[in-house]
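S.K.: Pasting in a structure now, in structure tokens, and then I'll have a few things to ask.
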Amino acid sequence: MNSPFGVWLPQVHVIRCGRFEDAMVAAHALQERQCVVLQLDGMDPGQAQRLVDFVAGAVEALEGRIERIGEGTVLCAPAGVEVSRD
């Protein structure tokens, strides 16, 4: 995303997942170079795993990074965004 100064400023898109179609929302956000936080705690575990598998494929195709940051929470970052943990 361009700012008035011509610099890409990353955005974070938080998705409280409730259905598999939220995977497409996440994939489109990643294509637009936004970071995505998936909150999966409201989903059936099987559907949540299916959703994460789909998004992980999109992250891999876009040369990004995916990391579990908590129980039921996953962070997806596009290429060029560094993820660091303390």
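S.K.: Show the residue pairs meeting these rules: Cβ distance below 8 Å; 6+ apart or different chains; first residue within region 28-53 and in a strand (DSSP E or B) and modelled with pLDDT of 95 or more; second residue surrounded by 16 or more Cβ atoms within 10 Å (Cβ to Cβ) and among the acidic types (Asp, Glu).
M.R.: Close Cβ pairs (under 8 Å, with a partner that is surrounded by 16 or more Cβ atoms within 10 Å (Cβ to Cβ) and among the acidic types (Asp, Glu)) amount to Leu38/Asp22.
S.K.: Please enumerate the residues belonging to region 13-27 that are more than 13 Å from Val74 (Cα to Cα), assigned to a helix (DSSP H, G or I) and not acidic (Asp, Glu).
M.R.: Once the filter is applied, which keeps residues that are more than 13 Å from Val74 (Cα to Cα), assigned to a helix (DSSP H, G or I) and not acidic (Asp, Glu), region 13-27 yields Met24, Val25, Ala27.
The values are calculated or read from the model by the stated rules, or taken from the named source; none is laboratory data. It should be emphasised that the depicted structure is a prediction, and the values quoted were computed from it without experimental measurement. Note that we place each Cβ from the backbone using ideal geometry, even for glycine, and neighbour counts take in every protein chain shown.
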